[in-house]
Structures are given as structure tokens and as C-alpha cells.
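Here's the structure, in C-alpha cells; my notes come after.
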Amino acid sequence: LRTLTVIDWTLSRVNQRKRDRDSPQIDLAALPIDDLSTYEFIRSGRTTAIFQLESRGMRELIERMKPENFDDLIALVALFRPGPLQSGMVDDYIDRKHGRKKVNYPHELVEQILLPTYGVILYQEQVMQIAQVLAGYTLGAADLLRRAMGKKKPEEMERQRSIFVEGAEQRGVKTRTANSIFDLMEKFAGYGFNKSHSAAYAMLSYQTAWLKAHYPAPFMAAVLSADMHNTDKVVTLIEECRSMRLRIKVPDVNVSEFKFTVDDAGDVVYGLGAIKGVGEGPVETIVETRKAGGPFNDLFDFCARVDLKRINKRVMEALIRSGALDRLGPFFAEELQAYQKQVDRNRAALMAAMEEAIASAEQTARSADSGHDDLFGDLLGPSAERDVYEPYRKVREWTFKERLRGEKETLGLYLTGHPIDEYEREIRRFARQRILDLKP
């Protein structure tokens, strides 16, 4: 269900952008399942956030199997289970697929049934088909055989063996061959997976891989939104975004929604709902206020317009430490390098001005509630043509570590830098390559 939600959120975002541009929209029901770039993407091992394919063990299996089409994906999902992995079935399947081992079929009548799986009985449906074709079972009787093999009851198995061998003999199959095939079926029935189940999973694997390959930013924004309350997961996904060369922008009360979004530049914008200590109520009032009255001008304007009963001092501190109020500060710069140089001064000034901004907003609210006009409101208020940050421009700027500590506390990760950055010059003297760039 989580995966279906991620797919829905991704499609909603992509198709909304396509509607705005009068472009054809994506219909997953009509999505061709033979897109070569998607299978190439899967084979690359970049399967973080891809349904069923993101674990380390699965990546190793992908590397060995090298899926090339949808049938391979179905088999991949069915093979990645303890039974097949421990029985040697996986090795046998892969060796046959890549021509390292000869493909053998137990009888010519079952060749077409086992052709897609290189002679390996991989699916429960294959057990049923073999019983039908080779021994004349009805579909219902074949299902009873499948269940009996799964439960491994000796008395029932002996009864089924007699029925199977007798039916096979009537079709010209030798008794010894029939018994051998029954033994083979019995062995693999314990490992066999329901193909219809595996196919449904494979379809979700393919769809999520296709979306990640073709629409990486909207897909990762949706995945991050689905896991935004799991900090450990968010950290992993942010690292994946960085490895994909996707830019992650700090949360911003003038741009961000509750969930992670994608801006016009194709960058992933941090969701306000992922900031620790903020919560859904405060985010709701921020977004509603912004939509009703336009972007916030500065910290004083922000405090004057939002509902301070829902946004208290603790929430304000979390917003400042996470960077969500950077755009409202006195030193904000759009250009990235300038922003990096000013961010510590900016957040320090915002934190210093916070108490006055809240007090000013509360005073204005009290005056409005009592019906009295504030004699000095127009002169001293945030709407007047004055520098509201003038008393705070020279406060001690935060240190690099203070800024990163604030991000770690509110976001669960370092977003605008890393503690090791200040030692990078020294590290480069004895380590010429990053671990990420090392080749096996």
C-alpha cells in the first residue's frame, strides 16, 4: 500500500506539471513493460526505494542474474526467498540462463511449461500444469496436488503419486520417468512460489523503477514524503538523492509544503512536515497563511500573520535551526555560494530577533482584539519602511558546528554541510580518492 501511495503521489506531481504544459499525461496502465532503459537501470543496482529490489541481498542477486525483461523480473522476485537461495535452485537457474549449464527438461511434454524458467520448476502454477499435461489432472485436482506437496503428508503423497504415475502411463510416459518427475515436482513444490503473486510484485517493481529512471526528482520526493517520519530512512533517501545528483533544498516557509516537493528547477524541496518539533498543525497554518496572503517578507511579518497559538517559541526555534526561515533573514542570498557564506550570520540574526518578533505580533494581536489602534504601529511595525533587523545585524554569527548541530537536531541529518568538511583539506593530503569513487 505504501508503494501504491508513492506511485500515486509521483504521478500526481508529474501529470500536474504535464497539464500545465499541455503535454500528454502518463497512464501506468498503458505503460509498455519492455523499456530497455528501465531494465538497464535495474541492472545498474541503483535500486534504493524500488519495490522489492532495494535490499543488499537482492542487489547481489540482480548483479548475478542481470534481468533483461519482465519474465526475468517475475523470476527474480520468486527466487529471492530462503528456500530457493539455500537449495541451490538460484545457482542452477542463473547458470542455465547465462549458458554456463545445459538446460534439461524431464520430458518433452513439459518442455513448453518449463521453457521460460530454463527447465527449473520455479512456480506453483508449473507444478499444476505438469500434472495436467503429463498425468491428465483436472485443474481442481492439480491444485489439490499442489497443496498436498506443500504440506508433505506421507499418506496423501503416496496416494497422489499413484494417481500421477497411472495418468502419465496412460499418456505413454514410462513408469520410471513418471516417478522421477513426481520426485522432482515434490522437491521443488516446497520452494515454488505463486507466479501470479510474483508477477504482481514484479509489476510494482517495474513501475517504481520506471518512475525513478525517468522522473527521479518527483519519485524521490514522493518516497521521502512516505517515510518523512522515519528519520533513519530519510537520511538514507537523502544520500540516495545526492548520489543521483539531485539537489536537496533546505525547507522554506515560502516554498515548502507539508510533504517533500519538486520546484521548477527540478530540485527536491524539503517538506516542513519532516522537521522535528514542528508538527502538522503549525505546518498547516504556515501554508494556509502563505496561500491566503502571499509570501512572507521577514520574520516580523511571519509572526504577525501566522497563528501564534499554533506556532510557539519551540516551533520557531526548530524552523530557524532547520533553515526554514533562511529566506526571511537579513542576509539571505539566492546565489548558492553567497548563501553558504551568509547562512551562519542569517540564522544567528533570526534567533536573536525571534523574541521581539513574537512580542510585536502578540502586542498587535492584543490591540486588535481590544479594538484599540497602536499609536506607534505604523511607525515601528514590520510594514513600515525601516530595517527590522537593524539591532541584530551585528550579533555573533553561529559557528559551522552550531549550524550543523541545529540541522541534525531538527532534520536528523546535516543538510548544508558535514562536520568533516572543515578537515577536508588536511584529509586530501593523504587520501586522494573518496570511498564513493573507489572501484572494486
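The values are calculated or read from the model by the stated rules, or taken from the named source; none is laboratory data. Quick caveat, the model's predicted, so the values are computed rather than measured. So basically every Cβ, Gly included, is an ideal-geometry build from the backbone, and we count neighbours across all protein chains shown. To get the accessible areas, we keep the full protein, side chains included, count just its heavy atoms, and leave off ligands, DNA and RNA. Shrake-Rupley method; radii C 1.70, N 1.55, O 1.52, S 1.80 Å.
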Point to revise | Residue check for ALA148: among the small types (Gly, Ala, Ser), touching an Asp or Glu at 6+ places or on another chain (Cβ under 9 Å) and surrounded by 13 or more Cβ atoms within 10 Å (Cβ to Cβ) | key: yes
Point to revise | Members of region 103-123 that are open to solvent by less than 40 Å² (accessible area, probe 1.4 Å) and closer than 21 Å to HIS197 by Cα | key: ILE113, LEU114, THR117, GLY119, VAL120, ILE121, LEU122, TYR123
Review point. For region 49-60, does any single residue satisfy the condition of being under 30 Å from LYS187 (Cβ atoms), open to solvent by less than 20 Å² (accessible area, probe 1.4 Å) and in a loop (DSSP other than H, G, I, E, B)?
Key: yes
Practice item. Taking the options ARG100, ARG96, ARG64, name whichever one is open to solvent by 60 Å² or more (accessible area, probe 1.4 Å) and in a helix (DSSP H, G or I). Key: ARG64
Practice item. With respect to GLU402, determine if the residue is under 31 Å from the mean Cα position of the chain (by Cα), touching a residue at least 40 places away in the same chain (Cβ under 8 Å), under 18 Å from GLU239 (Cα atoms) and not in a loop (DSSP other than H, G, I, E, B). Key: no
Check your understanding: Considering region 229-265 alone, what residues qualify as being more than 12 Å from the chain's Cα centre (by Cα), of a type in the set (A, V, I, L, M, F, W, C) and not in a loop (DSSP other than H, G, I, E, B)?
Key -> ILE248, VAL262
Review point. Taking region 291-326 as the region of interest, how many residues are touching a residue at least 12 places away in the same chain (Cβ under 8 Å) and either hydrophobic (A, V, I, L, M, F, W, C) or surrounded by fewer than 19 Cβ atoms within 10 Å (Cβ to Cβ) (or both)?
Key: 24
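Which of the residues belonging to region 256-265 are in contact (Cβ under 8 Å) with a residue 24 or more places away in the chain and either open to solvent by 30 Å² or more (accessible area, probe 1.4 Å) or within 13 Å of LEU224 (Cα to Cα) (or both)?
GLU257, PHE258, LYS259, PHE260, THR261, VAL262
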Study note, to complete from the structure: For region 55-71, pairs from a residue that is within 19 Å of TYR118 (Cβ to Cβ) to a residue that is open to solvent by less than 70 Å² (accessible area, probe 1.4 Å) and basic (Lys, Arg), with Cβ under 8 Å and 6 or more apart or across chains, are MET65/LYS97
Check your understanding: Before we move on, is LEU11 at pLDDT 95 or above, open to solvent by 90 Å² or more (accessible area, probe 1.4 Å) and not polar (S, T, N, Q)?
Key -> no
Practice item. Of all residues in region 187-198, count the ones that are surrounded by fewer than 18 Cβ atoms within 10 Å (Cβ to Cβ) and either at pLDDT 95 or above or over 10 Å from GLN126 (Cα atoms) (or both). Key: 4
